[in-house]
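Structure, as structure tokens:
The values are calculated or read from the model by the stated rules, or taken from the named source; none is laboratory data. Computed from a predicted model, the values in this text were never measured in an experiment. For neighbour counting, all protein chains shown are included, and Cβ atoms are generated from backbone atoms with ideal geometry for every residue, glycine included.
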Amino acid sequence: MDCRKPFDLHLLLLLLLLLFVYSSNSIFKFTSCNGQQVTVGGCLRQERTALLAFTQGLVDPSARLSSWGGNNCCSWRGIECDNKTGNVMKLDLRNSFPINLEPYSMTTEQLDAYKLSCLGGQLNSSLLQLDHLTHLDLSLNDFEGLQIPEFLGEFKHLRYLNLSYASFAGLVPPHLGNLSTLHYLDIYADSFSAGGRQGMEIENPSWLSGLSSLKHLNLGFVTIHSTDAKWLHAVNMIPSLLELYCHGCELQDMAVTLPFVNFSSLSVLDLSQNLFNSSFPEWLSTLTSLTRLDLSTNSFSGSIAVDFGKFESLEDLHLSLNNFSAPVPVTLGNLCYLRKLGLASGRFSGDISGLLNSFTGCQTVSLEMLNLNSNDLVGELPDSIGLFKNLKHLDLAYNSLWGSIPASIGNLSALEVLYLHSNKMNGSIPESFGRLSELRDLNLIANSWQGVITEAHLMKLTRLESLMLSSSSLVFKVDPQWIPPFRLDYLQLEDCTVGPPFSTWLQVQNRLTQVKLQNVGISDTIPKEWFSELSAEILVMDLSENQIRGELPEELVSPKLEMLDLSSNRFEGFLPRWSTNATQFYIHENSLSGPIPRDVGTLMPRLRNLHLSDNTLNGTIPLSICKMADLQVLSLRNNYLSGELPDCWRDLSTSSLWVVDVSNNSISGEIPSSMGLLRSLGMLLLSENNLVGEIPSSLQNCSALTSIDLGENQLSGEIPSWLGENLSATFVLRLRSNQFHGQIPEALCNLPLLHFLDLSHNNLSGGIPKCLDNLTAIVYGNSSELYYRDFQFRMAYFKEETKVVTKGRAYDYNRNLALLNVIDFSENNLSGPIPEEMTKLLSLRVLNLSSNHISGAIPEKIGDLKVLETLDLSHNQLSGEIPATLSSLTFLTHLIVSYNNFSGKIPAGRQLQTFDASSYQGNPFLCGFPSRVKCPTESITTTAPPTTGTEPEDEEDEIFELGTGLYVSIVLGFGFGFLGLSVTLLRKVFRKKDNEW
């Protein structure tokens, strides 16, 4: 239209009408003279077009923006406009999916649903057309590593910008420093997307100083590259700042001696999970307006010089996970309004009563959470603990507190969580515990409690959900028919006395998800209906190390049950059928009989640990075991299983199976070559069976093997050299009592971690390898730490058991294998000398070379084996004198050198005279105590010795006695020499088998 044309009457009336409507806040708008179109309906056409262009780059799998249609963009989801001008003021596209802001806590199904609810794709710069925008929120979406666009720094009126939890990545553009009107900036870099945290970084934080109006700044998990505390100097230019969150930003420099801070009105400071390793910063003393201070998970050291008494508004203080190594600050007691105090793992020391008593000056103690977990605190809990009537969460675990719990604990009427586990508490638990009616979670395990727990201790704990308690001196003394007021979700009682009966208060716990009653003295029959009445939500059941008897029900079909431990009891009958969700099954050390179900692999396809050892099971090992794709431990030892080992291990070639223990059964046949496909196999224990044939060469592919026990079988052939060439991780090699022949391969010297080598009771010949000093683990004893560090977590699921012959007896060892250091070559046909190199095995504890044809002398340096406990060299052809250095072996408790050709006097010394005469018998030329043969005099002199005051008659008698003794010794020498020669000839024909060492 032509603006210069005079208005006619109709047009004038129309304009008056529009002005009236406009003045009444109508949504109708003018069309401007310069051609700018204003959309009827309350939304500027130009901004509507910009929003539609913005959606073109977005990915919206859940159609969250389906309402973005029609002319009135002010009514679209997430859009707010100015009521007068129609300008878009607010764009809120925050994902409203219901999640808890704890990353990685969602299930897979929840994560998938969350992913579908996210916006993604690209951010179009058409948003710049919204030049009146003050609020932009794109949080909790998934932009899959997209860099924050630079154009966001051009919004002149923006006051709120939230890009948190949105999977942005890369450099944060310094252009954001142009947003001088911004009050709120949140670019927290964590993510809920499948890819997790993407990684965002700030190259130079100086641009932060341009945000002069900022009140809230959250840079959590954004890596800030900052030297000379540039980040702090930049923040110090923002006097309006009220909240600063720099959690996990990899900051290092704290500018401890900064002279002053501009942001003294700060109410929240979160610098947790960074890399600070300085002393406590002095400038914190000026931030007296703080309500929340979090410096946890850093490496601050030294004492805390700040006087917290000045921080009257402080409500939350978190200093956990630091290296203060200083007394806990008692000035915290001045913080009467403090609600949360976290000092866990701060290496604080001192008496616990000093801190708790410091709050006695408060008219009301506001503290709701106190966490002092994992420090070096000592002392007893003072009666002043009763002042903390608002306390909901008290965690004093992993300290060195002792004594009893004071009766005043009953005053904590708001207490919900109490953790006192892993201390040195050695007193009693007061009956006032029964007044804690809000208590939900109680953990008192790993202490030395004494006394009795009665109904009074538990009477009013109506909200109790978790109960954890252990102590060998603690007795539960409640009426067997007592019904408690609580129904637990988690019950863990260990090493205390709860039985003998399986009381009613246990039977009524039908909501349990986890129950552990380990070694609690129950010697009763559990009602079969108890198993069927358990909650369908139960995940873990541990009733181990009791004397529970009776038969198990045929089926344990709790649908979610994952771990069942009924070991070390007296259960009888057949193995029960179990849930398909089972992952751990411990039922060893009982009296179960019958076969292993043929379909066990179908019944429990997810099983990782199957422990059926020490029962009376019979039948064969079913092939379906190889259907357990997740199997890690298979323990069937000490049963009556027969037949051959299944040849199905190929099906488990990609599994994590690391233990196969079928020892002490009646398994026959050969070792299947398919076992060589178990690449993760760490322990192969097949001893005390009837296996035949050679060791399959395919086992050389199992490079992770640490323990190989094939003893007490009928295996034959030569010991393969690849045992030492390909299995360098071997820790235990036990091949005793088989039919192996040939020489000991020198390749076995290539096993640096070998601690236990038993090749006894075979037909091995040749000499002892001279390279045994290459077994560095026995030289230095240095692999035990490596071994247990690598397998410590596994020992919780499997305890290796190895038969060891030491000190003349056979022992079953199931612990401390790393300390044994054993070499046993006894009962073979070995010949030649004892190599001098063996005296370099300085950590050797047991050496048995008995019943061979070893000749020569004992190496003089045998005394270098300072920790040797057992030495058996009997029934060989050794000669010469026994080295005097043997007397220095103070740990030697078992010595046998009998039936050799040793001569001379048994060395004098405290150690060698403690052994029985039988240790030296069969050596006709050996004399001296403790043998029964007296040694002849070394020399006889006819010259009268110097006068010593002895009577002349006495001297003549003494010379006569010596001469007579000499003649007698000569005669006896000839006799014993002839006898020794006869014995040696007889031994060639009748080889006497001596007792094992």
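Details
- The stretch 892-921: number of residues that are in contact with a Leu (Cβ under 8 Å, 6 or more places away or on another chain) and touching a residue at least 40 places away in the same chain (Cβ under 8 Å): 3
- Hey, SER687 small (Gly, Ala, Ser) and modelled with pLDDT under 95 or not: no
- Scanning the stretch 851-884 for residues that are part of a strand (DSSP E or B) and on the phi < 0 side of the Ramachandran plot returns HIS853, ILE854, SER855, THR870, LEU871, ASP872, GLN877, LEU878, SER879.
- Residue among ASN690, ASN713 that is out of contact with any Pro (no Cβ under 8 Å at 6 or more places or on another chain), at negative phi and surrounded by 15 or more Cβ atoms within 10 Å (Cβ to Cβ): ASN713
- Test for GLU144: is it without any contact (Cβ under 8 Å) to a residue 60 or more places away in the chain, on the phi > 0 side of the Ramachandran plot and surrounded by fewer than 21 Cβ atoms within 10 Å (Cβ to Cβ): yes
- Residue check for GLU431: touching a Lys or Arg at 6+ places or on another chain (Cβ under 9 Å) and either in the same structural domain as GLY379 (by TED's automatic domain parsing) or charged (D, E, K, R) (or both): no
- The lone criterion from (1) in contact (Cβ under 8 Å) with a residue 40 or more places away in the chain; (2) touching a Gly at 6+ places or on another chain (Cβ under 6 Å) left unmet by ASP294 is number (2).
- Test: residue in the stretch 265-281 that is over 22 Å from VAL172 (Cβ atoms), touching a helix residue (DSSP H, G or I) at 6+ places or on another chain (Cβ under 7 Å), outside the structural domain of SER358 (by TED's automatic domain parsing) and not in a strand (DSSP E or B): no
- The lone criterion from (1) modelled with pLDDT of 95 or more; (2) part of a loop (DSSP other than H, G, I, E, B) left unmet by GLN198 is number (1).
- All conditions in (1) within 21 Å of SER919 (Cα to Cα); (2) buried (at least 23 other Cβ atoms within 10 Å of the Cβ); (3) under 38 Å from the mean Cα position of the chain (by Cα) hold for ARG845, with the sole exception of (2).
- Residue that is farthest from the chain's Cα centre (by Cα) [pool: residues in the stretch 429-462 that are surrounded by fewer than 18 Cβ atoms within 10 Å (Cβ to Cβ) and farther than 24 Å from ALA414 by Cβ]: THR454
- Evaluating ALA908 against the criteria (1) under 29 Å from PRO745 (Cβ atoms); (2) surrounded by fewer than 24 Cβ atoms within 10 Å (Cβ to Cβ) leaves one unmet condition, (1).
- Residue match in the stretch 570-579 (condition: of a type in the set (A, V, I, L, M), under 26 Å from SER472 (Cβ atoms) and either in a strand (DSSP E or B) or modelled with pLDDT under 95 (or both)): no
- Listed by position, the strands (runs of 3 or more DSSP E) contained in the stretch 41-141 that have at least 2 residues being modelled with pLDDT under 95 and surrounded by fewer than 19 Cβ atoms within 10 Å (Cβ to Cβ) form an empty set.
- Single unsatisfied condition, ARG637 versus (1) farther than 25 Å from SER716 by Cα; (2) in contact (Cβ under 8 Å) with a residue 40 or more places away in the chain; (3) within 29 Å of the chain's Cα centre (by Cα): (1)
- In the set LEU401, LEU415, only one residue is in contact (Cβ under 8 Å) with a residue 12 or more places away in the chain, under 28 Å from SER325 (Cα atoms) and of a type in the set (A, V, I, L, M); that residue is LEU401.
- Verdict on GLY346 being at pLDDT below 95, under 26 Å from the mean Cα position of the chain (by Cα) and more than 22 Å from GLY451 (Cα to Cα): yes
- Filter pass, VAL662 being hydrophobic (A, V, I, L, M, F, W, C), in contact with a Lys or Arg (Cβ under 8 Å, 6 or more places away or on another chain) and at pLDDT 95 or above: yes
- Strands (runs of 3 or more DSSP E) contained entirely in the stretch 708-780, each with at least 3 residues that are over 31 Å from the mean Cα position of the chain (by Cα): 714-718, 739-743, 763-766
- Filter result for the condition that a residue is over 23 Å from SER703 (Cα atoms) and either modelled with pLDDT under 65 or charged (D, E, K, R) (or both), over TYR797, TYR780, TYR788, TYR813: TYR813
- Only one entry in ARG637, ARG606, ARG598 is in a loop (DSSP other than H, G, I, E, B) and under 18 Å from LEU691 (Cβ atoms), namely ARG637.
- When the stretch 282-321 is filtered for residues that are modelled with pLDDT under 90 and basic (Lys, Arg), only LYS310 remains.
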